[in-house]
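Asker: First the structure, then my questions, so here it is.
The values are calculated or read from the model by the stated rules, or taken from the named source; none is laboratory data. Note that this is a predicted model, so its numbers are computed, not measured. Reconstructed Cβ throughout: ideal geometry from the backbone, glycine too, with neighbour counts over all protein chains shown. Just so you know, the surface numbers come from the protein's heavy atoms only, side chains and all, with ligands and any DNA or RNA stripped out. Shrake-Rupley method; radii C 1.70, N 1.55, O 1.52, S 1.80 Å.
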Amino acid sequence: MNRLKVTDSEFQALSKYIYGISGITLSAGKEYLIETRLGQLATEYGCRSYQELLTRSRTEASRALEKKIIDAISTNETYFFRDNAPFNLLQHRLIPDIIDRKSKKGGRVTIRIWSSASSTGQEIYSTAMVLRELGLPKPGCDLQLIATDISDAAIARASYGLYSQFEVTRGLSPARLAKYFTPKGDGYRINDEIRSMVSFRKQNLLTSLTGLGKFDIILCRNVAIYFTREDRLRLFDNLSRQLEPDGCLLIGSTESLAQEESPFVPMRYLNSTFYQLQDTAPSAPARMNPLRAING
Ligand SMILES: C[S@@+](CC[C@H](N)C(=O)[O-])C[C@H]1O[C@@H](n2cnc3c(N)ncnc32)[C@H](O)[C@@H]1O
């Protein structure tokens, strides 16, 4: 079947529209993304051009098409224990530190963790498995795990927790697959024991985040790369307001935050980098060395 071609003016108009509803930027040369990801939607809606699709989305009261456009255009690539290092960092350093620090204050310990662009859930479920393996939750220590994404379809899949054969081969050890999943149809469903640890909701990271409260750990991995520089700055500034004073931010392994542009300082533990708020980060304790500028 011939793919519906996007004209220059349609590309401009759609890029602007998609930016407005999601913050995702489609730079020149990404015409193929419109054609490969929205062509099918245009056919489904009986539209003969992308302009027609755009008009339909703008005028549709239910905003169902707008949601479908976000679902189609967002890149949901993810896998279990992606990059490994952040999960080792959580297991061996960040979670034990939080428990230690909070227990010293007395009373119940509650650890709040947010996977802020969670896609289909692999990131937050990997985190939940790590927490289980640390014996959490346990008496006196509660967990609140929240996973959000802008894509309704991704959130729906994440909260159902059903993965294909291919998806469970990506990053999961056979031992974890056997322990935390149950075969279902052609794939595997995450067990209730892990699924029930997480609550999912839709959230656009470029809108107000204050309703979510403050977190000890925020994972914001492999999403800021789709934003303009200005939106990235706004995002990290907003995230800094959702982080507890001693909290930690984890970003993608190929991403970095320039110190002069963000309220965070990079910290290193073994081979991992994480970020803390400028004002509260400890000044170079042993084994944790703030880096100056790590991305130049
Ligand atoms: C490449 S995935 C990253 C998933 C996971 N964090 C990881 O690193 O494996 C990027 C996710 O960001 C989501 N996303 C894109 N724009 C967003 C926005 N403005 N607010 C929230 N999520 C967004 C997409 O829907 C997608 O699921």
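Asker: Which of the trypsin sites (Lys or Arg not before Pro) found in region 60-137 are loop residues per DSSP with 16 or fewer other Cβ atoms within 10 Å of their Cβ?
Answerer: 63, 105, 108
Asker: Ignoring everything except DSSP H segments at least 4 long, calculate the 222 nm mean residue ellipticity for the chain; use -39,500 (n - 2.57) per segment, divide by total residues, nearest 500. If you can, show how the numbers build up before the last one.
Answerer: On the way: 12 runs with 114 residues, N = 296.
Estimated from H runs of four or more residues: -11000 deg cm²/dmol.
Asker: Cα to Cα, under 22 Å, and not fewer than 8 places away if on the same chain: which lysines meet these conditions relative to residue 68?
Answerer: Within the straight-line limit of under 22 Å, residue 68 reaches these lysines: 5, 16, 30, 202.
Asker: Where the accessible area of the chain is counted over protein heavy atoms with a 1.4 Å probe, how much of it, in %, is carbon and sulfur?
Answerer: Within the chain, the accessible surface is 50 percent carbon and sulfur.
Asker: Given a Förster distance of 51 Å, report the FRET efficiency between residue 105 and residue 51 from their Cβ-Cβ distance, rounded to the nearest 0.05.
Answerer: 0.30
Asker: If you don't mind, there's one more thing I want to ask. At a 10 angstrom cut-off on C-beta neighbours, averaged per residue, how do the peptides 203-209, 148-154 rank from highest to lowest?
Answerer: 148-154, 203-209
Asker: May I ask for the angle, rounded to the nearest 10°, between helix 64-73 and the longest principal axis of the chain, with both axes built from Cα atoms and the value confined to 0 to 90°?
Answerer: Compared with the principal axis, the helix lies near 70 degrees.
Asker: If you take every DSSP beta bridge fully contained in the chain, what fraction is antiparallel? Give it as a percent rounded to 5.
Answerer: Working: 14 of 34 bridges.
Roughly 40 percent of the DSSP beta bridges within the chain come out antiparallel.
Asker: Here is a further query. For region 178-254, what D do you get in µm² per second when you plug the Kirkwood radius from alpha-carbon pairs into Stokes-Einstein at 37 °C and 0.692 mPa s?
Answerer: Working: Rh = 14.9 Å.
Using the Kirkwood radius from Cα pairs, D works out to 220 µm²/s.
Asker: What is the magnitude of the charge dipole of the chain about its Cα centre, with +1 placed on the Cβ of each Lys and Arg, -1 on the Cβ of each Asp and Glu, and no other charges, expressed in debye to the nearest 20?
Answerer: On the way: 39 positive and 32 negative charges, 123 e Å.
So the dipole magnitude of the chain works out to roughly 600 debye.
Asker: Region 1-82: which chymotrypsin sites (Phe, Trp or Tyr not before Pro) are DSSP loop and have at most 16 other beta-carbon atoms within 10 angstrom?
Answerer: Listed in order of number, the matching sites are 45.
Asker: Now for a separate question. Can you tell me, using C-alpha contacts under 8 Å and at least 6 residues apart, the relative contact order of region 85-277 as a whole percent?
Answerer: 21 percent
Asker: Same structure again: Using the Cα atoms of the chain, I'd like the radius of gyration and the largest Cα-Cα distance, Dmax, both in angstrom.
Answerer: Rg, Dmax (Cα atoms, Å): 20.6, 66.
Asker: Using only Cα atoms and rounding to the nearest 10 degrees, what angle (0 to 90) does helix 50-59 make with the longest principal axis of the chain?
Answerer: 70 degrees
Asker: Tell me which GluC sites (Glu not before Pro) from region 52-90 have a DSSP coil assignment and no more than 15 other beta carbons within 10 Å of their own. Before the final figure, lay out each step's value.
Answerer: Values: sites: 52, 60, 66, 77; in loops: 60, 77.
For GluC sites (Glu not before Pro) across region 52-90 that sit outside H, G, I, E and B with at most 15 neighbouring Cβ atoms in 10 Å, the list reads 60, 77.
Asker: Still on this structure, I have one more. Taking a probe of 1.4 Å, how large is the accessible area per residue of the chain, in Å²?
Answerer: Here the residues of the chain average 48 Å² of exposed surface.
Asker: Tell me which aspartates and glutamates have Cα within less than 20 Å of residue 105's Cα, excluding those fewer than 8 residues away on the same chain?
Answerer: The qualifying aspartates and glutamates are 97, 142, 216, 244, 246.
Asker: Local charge sum around residue 244 (other residues, Cβ-Cβ under 14 Å, Lys/Arg +1, Asp/Glu -1)?
Answerer: Here the charged neighbours net out to +2.
Asker: Next up: Using only Cα atoms and rounding to the nearest 10 degrees, what angle (0 to 90) does helix 122-133 make with the longest principal axis of the chain?
Answerer: Helix 122-133 sits roughly 20 degrees off the main axis of the chain.
Asker: Now for a different question. Among 84, 238, 222, which one shows the biggest mean-square fluctuation in a GNM of the chain, springs joining Cα atoms closer than 10 Å?
Answerer: Of the options given, 84 has the highest mean-square fluctuation.
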